[in-house]
1. Go through (1) out of contact with any strand residue (DSSP E or B) (no Cβ under 8 Å at 6 or more places or on another chain); (2) more than 18 Å from residue 6 (Cα to Cα) for residue 43 and report which single condition fails.
2. Restricting the search to region 105-121, which residues are in contact (Cβ under 8 Å) with a residue 40 or more places away in the chain and in a loop (DSSP other than H, G, I, E, B)?
3. Report yes if some residue within region 2-11 is in a helix (DSSP H, G or I), at pLDDT 95 or above and in contact with a strand residue (DSSP E or B) (Cβ under 9 Å, 6 or more places away or on another chain); otherwise report no.
4. Look through 107, 112 and report the one residue that is surrounded by 11 or more Cβ atoms within 10 Å (Cβ to Cβ), at pLDDT 95 or above, over 16 Å from residue 6 (Cβ atoms) and within 16 Å of the chain's Cα centre (by Cα).
5. Is it the case that some residue within region 52-65 is closer than 24 Å to residue 4 by Cβ, modelled with pLDDT of 95 or more, within 12 Å of the chain's Cα centre (by Cα) and part of a helix (DSSP H, G or I)?
6. Any chance region 71-79 includes a residue that's out of contact with any helix residue (DSSP H, G or I) (no Cβ under 7 Å at 6 or more places or on another chain), free of Cβ contacts under 8 Å to residues at least 40 places away in the same chain and either surrounded by fewer than 18 Cβ atoms within 10 Å (Cβ to Cβ) or farther than 19 Å from residue 106 by Cβ (or both)?
7. Starting from residues that are touching a strand residue (DSSP E or B) at 6+ places or on another chain (Cβ under 9 Å) and in a loop (DSSP other than H, G, I, E, B), keep the ones in region 12-29 and report whichever is surrounded by the fewest Cβ atoms within 10 Å (Cβ to Cβ).
8. Taking residue 32 as the residue in question, decide whether it is modelled with pLDDT under 95 and either within 23 Å of residue 100 (Cβ to Cβ) or part of a helix (DSSP H, G or I) (or both).
């Protein structure tokens, strides 16, 4: 479970991260990350989850959300203070095994957190 201080709750934060953040996709998840402009060392990184109806019924969606929250906790220390991260589940996440979901989330995060090369934005 994510600590309460790291959970994204405001709609504006979700919108800002999805529209302005960098994106990395995998078959089961898409991750949007917005690095802060002026990082306040006191502001923790915020993480939010979007699991739409096309993933499955309410039971499946809640299971996927719980799995993603559990998988995201060890990666919090990798995020800069003030970062906004949104994890959006794709329809395949509803039937994915736990290890498959973990691998896709880790690969997407690795892609977003590695230093950008000079030739790409």
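1. (2)
2. None; the set is empty.
3. No, that holds for no residue.
4. So the residue among 107, 112 that is surrounded by 11 or more Cβ atoms within 10 Å (Cβ to Cβ), at pLDDT 95 or above, over 16 Å from residue 6 (Cβ atoms) and within 16 Å of the chain's Cα centre (by Cα) is 107.
5. Among the residues of region 52-65, at least one is closer than 24 Å to residue 4 by Cβ, modelled with pLDDT of 95 or more, within 12 Å of the chain's Cα centre (by Cα) and part of a helix (DSSP H, G or I), which makes the answer yes.
6. The answer is yes; a qualifying residue exists.
7. 21
8. No.
The values are calculated or read from the model by the stated rules, or taken from the named source; none is laboratory data. In this text, all values refer to a predicted model and were calculated from it rather than measured experimentally. Virtual Cβ from ideal backbone geometry, glycine too; neighbours counted across all protein chains shown.
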